1. Keeping the other protein chains in place, figure out the carbon and sulfur percent of the accessible area of the range 87-210, with a 1.4 Å probe.
2. What number comes out for accessible area per residue over the chain if the probe is 1.4 Å? Units Å², please.
3. Rounded if a/c is under 1.5, else prolate if a/b is larger than b/c, else oblate: which is the range 4-77, with a ≥ b ≥ c the root eigenvalues of its Cα gyration tensor?
4. Please list, short to long, the whole-number percent of alpha-carbon pairs of the chain in consecutive 10 angstrom bins beginning at zero.
5. Decide, for the range 132-210, between rounded, prolate and oblate: order the square roots of the alpha carbon gyration tensor eigenvalues as a ≥ b ≥ c, take rounded if a/c falls under 1.5, and otherwise choose prolate if a/b is larger than b/c, else oblate.
6. Using a/c under 1.5 as the rounded threshold, could you call the range 161-200 rounded, prolate or oblate? The axes a ≥ b ≥ c are square roots of the C-alpha gyration tensor eigenvalues, and prolate needs a/b larger than b/c, oblate otherwise.
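The values are calculated or read from the model by the stated rules, or taken from the named source; none is laboratory data. Just so it is clear, the structure is predicted and the values come from calculations on it, not from any experiment. Just the protein is used for accessible areas: all its heavy atoms, side chains included, with ligands, DNA and RNA removed. Shrake-Rupley method; radii C 1.70, N 1.55, O 1.52, S 1.80 Å.
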Amino acid sequence: TEANSSVPLAVARRAFLYSLAAIEHGAPEEERVLALAEQAPGNTSLEAVARAYIALEQGDVARAETLLEPFDENEVWGEVAFARAMVAYRVGDSEGAVTRSRAAQALQPSATRYTAFMVRALLAAGDMQDARQLAAGLEGADGPLVDLARAEVKIATRDFDEGDALATSVLDAPDASERQRALAHLFLAESAAAQNQAAEATAHIESAFE
């Protein structure tokens with residue numbers, strides 16, 4: 001029936017949302033996502049993205065790539081393109097990460113996740129100017145995700161005072177996840193190291209991996 005046909009889609013959406021919590025914030029949702037994905041075999045692209053994010057979280061980049069391979073990048077609101085961007089980034093293909101994150105952003109221009117990730121990909125590709133411009137466009141937004149993207153650009157371009165302030169704001173943010181706080185510590189460590197502050201850099205690295 002029509003009512004019953006909507007059930008697998010709802011289950012696949014739940015799997016997808018929990019997979020985002022895992023890949024973005026380190027939430028221990030792997031078992032739940034895979035159990036839900038088994039109940040939604042008819043919604044292949046949404047299920048595949050959820051499984052791919054869990055594979056990435058588990059460090060299995062090759063499996064994530066294989067799961068995404070059959071699908072067009074415009075599927076799942078651009079999430080297939082975004083997942084492929086993350087795969088490219090994990091294997092050191094920064095240019096591929098930029099290309100695919102651009103494709104995702106074209107499909108969902110308002111997705112802050114896509115924009116923040118593209119900032120990181122551009123920095124990895126050595127494109128400081130575009131990264132700076134893209135991060136500047138985030139200034140009207142707020143939250144740990146945005147502050148981390150802006151902090152990374154500021155520190156990469158040696159604007160240490162503002163970069164440190166942005167990273168510290170993430171440490172103080174009540175809605176920041178542990179993974180976001182760890183990343184903030186790593187950015188602060190990078191900033192300290194660039195300023196020859198070895199003890200402070202070491203302290204932030206230790207805090208990141210506590």
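1. 49
2. Working: 10440 Å² over 210 residues.
I get 50 Å² per residue for this part.
3. oblate
4. Spelled out per bin, shortest first, that is 9, 31, 35, 18, 6, 1, 0.
5. Verdict is oblate for the range 132-210.
6. On the way: a/c = 3.10, a/b = 1.88, b/c = 1.65.
Prolate, since a/c reaches 1.5 and a/b exceeds b/c.
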